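As structure tokens, the structure follows; a few thoughts come after it.
The values are calculated or read from the model by the stated rules, or taken from the named source; none is laboratory data. Model, not experiment: these values are computed from the prediction. With ideal geometry, Cβ positions are generated from the backbone for all residues, glycine too; neighbour counts draw on all protein chains shown. Note: areas computed on protein heavy atoms with side chains; ligands, DNA, RNA excluded. Shrake-Rupley method; radii C 1.70, N 1.55, O 1.52, S 1.80 Å.
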Amino acid sequence: LIWEQIAILYTGSLNDRSDAATSLVSLARDNDRYGKLIIEEGGVGPLLKLVKEGKMEGQENAAKAIGLLGRDLESVEHMIHASVCTVFAKILKEGPMKVQAVTAWAVSELAANYPKCQDLFAQHNIIRLLVSHLAFETIQEHSKYAIASNKATSIHALVMASSNNSNVNNVKNVIDEDHQNPIPHPLGNQTPNQMHNVVTNTVAMKGATKLPQKPSSNHVRSNSQGNAKLIHQVYHHQQQLNGSISGANIKGRELEDTATKAYMKAMAARALCYLAKGNSSVCRSITESRALLCFAVLLEKGTDEVQLNSAMALMEITAVAEQDTDLRRSAFKPNSHACKLVVDQLFLIIEKADSELLIPCIKAIGNLARTFRATETRMISPLVKLLDEREAEVSKESAIALTKFACTNNYLHLDHSKAIISAGGAKHLIQLVYFGEQIVQHSALLLLCYIALHVPDSEELAQAEVLTVLEWASKQSNMTQDETVDTLLYEAKSRLELYQSRGSRGFH
């Protein structure tokens, strides 16, 4: 069965090849062994060829097959040698949006199963192409990677450059009616002659008929047919220019249905998530673009899938930034507009605490704990509230995030520890240490130890009898298996004993 489908991929018509790709998708999805056989029997090459050359349905099926086949290191390596990066870059630059969306999903699958290919995708400009898809209709100005196109302005400039005839006013009226676009053109500040030169040079390079620079009155007729013909000609050349600049037909993207646009953004965010995971250079490329601003907007206004994948991408980027000081300082500066917007959206989601975005957003805020100023304490209270959560996973992640605020590695650990106590964190942590599920107990105990270590003279800790809790925990074998926790527990107990004994003697 596999041989037959691969044979069709090599020799069949485009429609037959599309059907064969569909069959291979079914086989690869149902059985890992079939996926291996498809690769071993030479199916990758013709699938990639179909991605490049097929009709839209065939391209989608082939891209989906590639994503399904890239399940392990060896399979992805095989695809890389077959030039999958080059093919995917071409599609993300020029292909139909439905095919681009499936291609972005395939990129995410390959990157998830073989992280070493992250840099290879980045070298083929995949990052900037994905960011341009995120930015399209998300923010008014596209990212630095995507050049917008205002056809009304640019075509009008070209027509003005093509003729001094007074009848050009008629052309302008037609253009203004037919080609309205609110996106500002980055080249809009050029003079008409400059724009005309850009287009005529581009047309000449493509071997097309060069537009006349000084046409006589015969070139622009007074009747509407002549005007329409001129508009059509200039519009055609402008479309060619758009393709050479932005790598995507803006008009074509605008005309896509809403569901396709949303799916494209969701898959672009998913791909960026897996490309960024654990990779500082890719994260730097993403954060140096307008991607953070896009993620902030999409967290607020995107569809459910777009929101979730945006939150996951931010979680991975901030996880890298937590370990990479240079990236953290450059990408998440407190006075950065994009960073402020991202943090505001994360804060709102954590405060509402009623969506599946909650856990990735909690993790992202925890990863950014060292970027907040001493006065920026608004994150502490909603995280403390989440300690008293019925879902153990949420309580655990909240405790881990708060620990990143209160741990010794955080320069502002004293301020943050006091804020956690003020927000009522001690009583929640005591409950979790005593009665919490095992996955929560460890995280809660660690946070309680840090707070006791940094603020041992706290009246709230004394009244809550935290020392008694720590003494009980030190006798539980399951809580002291970790050497780090054992050491920290001993130090926290010693500090509390010292300060509370002083207080009992009147020296508090």
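Quick rundown of the values:
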quantity	calculated
Per residue accessible area in Å² of region 375-503, where ligands, DNA and RNA are left out and the probe is 1.4 Å	49
Packing-based order for 381-393, 29-41, using average beta carbon neighbours within 10 Å, highest first	381-393, 29-41
Relative pair counts by distance (%), Cα atoms of region 334-418, 10 Å bins	18, 55, 26, 2
Relative packing of peptides 121-128, 478-485, 77-84 - highest average C-beta neighbours within 10 Å first	121-128, 77-84, 478-485
Full-extension gain in nm, Phe435 to Glu300, via 0.36 nm per residue minus C-alpha separation	45.0 nm
Ranking by accessible area, most exposed first, for Ile359, Ile91 with a 1.4 Å probe	Ile359, Ile91
FRET efficiency, 1/(1 + (r/R0)^6) with R0 56 Å, evaluated for Asp344 and Asp30 via beta carbons	0.80
Accessible surface of region 375-503 [probe 1.4 Å, protein heavy atoms]: carbon and sulfur percent	46
Proximal aspartates and glutamates relative to Lys333, as straight alpha-carbon distance under 17 Å, when same-chain residues fewer than 8 apart are discounted	Glu288, Glu322, Asp324, Asp344, Glu376
Inter-site label distance for Asp72 and Glu460 at 7 Å from Cα along Cβ, in nm	5.3
Cα gyration tensor shape for region 262-354, rounded if a/c is under 1.5, else prolate or oblate	oblate
Burial order of peptide ranges 59-72, 304-317 (average beta-carbon count within 10 Å, highest first)	59-72, 304-317
Förster radius 22 Å - calculated FRET efficiency between Ser501 and Lys475 (Cβ-Cβ, nearest 0.05)	0.60
Filter on Lys277/Lys404; Lys93/Lys277; Lys64/Lys352; Lys265/Lys404 - keep pairs with C-alpha separation over 25 Å	Lys64/Lys352; Lys265/Lys404
